[in-house]
Amino acid sequence: MPDAANLPVPSPCINVCRMNATSGLCEGCLRTLDEIASWGVWGDEAKRAVWVLIEQRKTLALTPQAPTTP
């Protein structure tokens, strides 16, 4: 069985390419435009760091927000 650390880091792209103007993130993969544009030239360490950010962004997106008062 191959060691996962030696496998190429997969792209998080799910072909839902819409940028959210408020968050600045792609609605499909939760990456910024800079992260998307740089993905092909980054090494595996940088790609894994983006995957960590994506997981953090998912967690924040799923966390209920307290209502704001006017």
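The values are calculated or read from the model by the stated rules, or taken from the named source; none is laboratory data. All values derive from a computational prediction rather than experimental measurement. Heads up, the Cβs are rebuilt from the backbone with ideal geometry, glycines too, and the neighbour counts pull from every protein chain shown. Heads up: the accessible areas ignore ligands, DNA and RNA and are worked out on the full protein's heavy atoms, side chains in. Shrake-Rupley method; radii C 1.70, N 1.55, O 1.52, S 1.80 Å.
Among all residue pairs at least 6 apart or on different chains, which show Cβ distances below 9 Å where the first residue, located in the stretch 43-57, is part of a helix (DSSP H, G or I) and the second is among the basic types (Lys, Arg)?
Filtered contacts from the stretch 43-57: Val50/Arg31; Leu53/Arg31; Ile54/Arg31; Arg57/Arg31.
Please go through the stretch 24-42 and pick out each residue that is assigned to a loop (DSSP other than H, G, I, E, B), without any contact (Cβ under 8 Å) to a residue 12 or more places away in the chain and surrounded by 11 or more Cβ atoms within 10 Å (Cβ to Cβ).
So the first thing to find is which residues in the stretch 24-42 are assigned to a loop (DSSP other than H, G, I, E, B), and the list is 24-25, 27-32, 39-42.
This time we only want the ones that are without any contact (Cβ under 8 Å) to a residue 12 or more places away in the chain, so: 24, 27, 32, 40-42.
Those that are assigned to a loop (DSSP other than H, G, I, E, B), without any contact (Cβ under 8 Å) to a residue 12 or more places away in the chain and surrounded by 11 or more Cβ atoms within 10 Å (Cβ to Cβ): Gly24, Glu27, Thr32, Trp42.
Please work out if Ala46 is within 14 Å of the chain's Cα centre (by Cα), open to solvent by less than 70 Å² (accessible area, probe 1.4 Å) and modelled with pLDDT of 95 or more.
Criteria met by Ala46.
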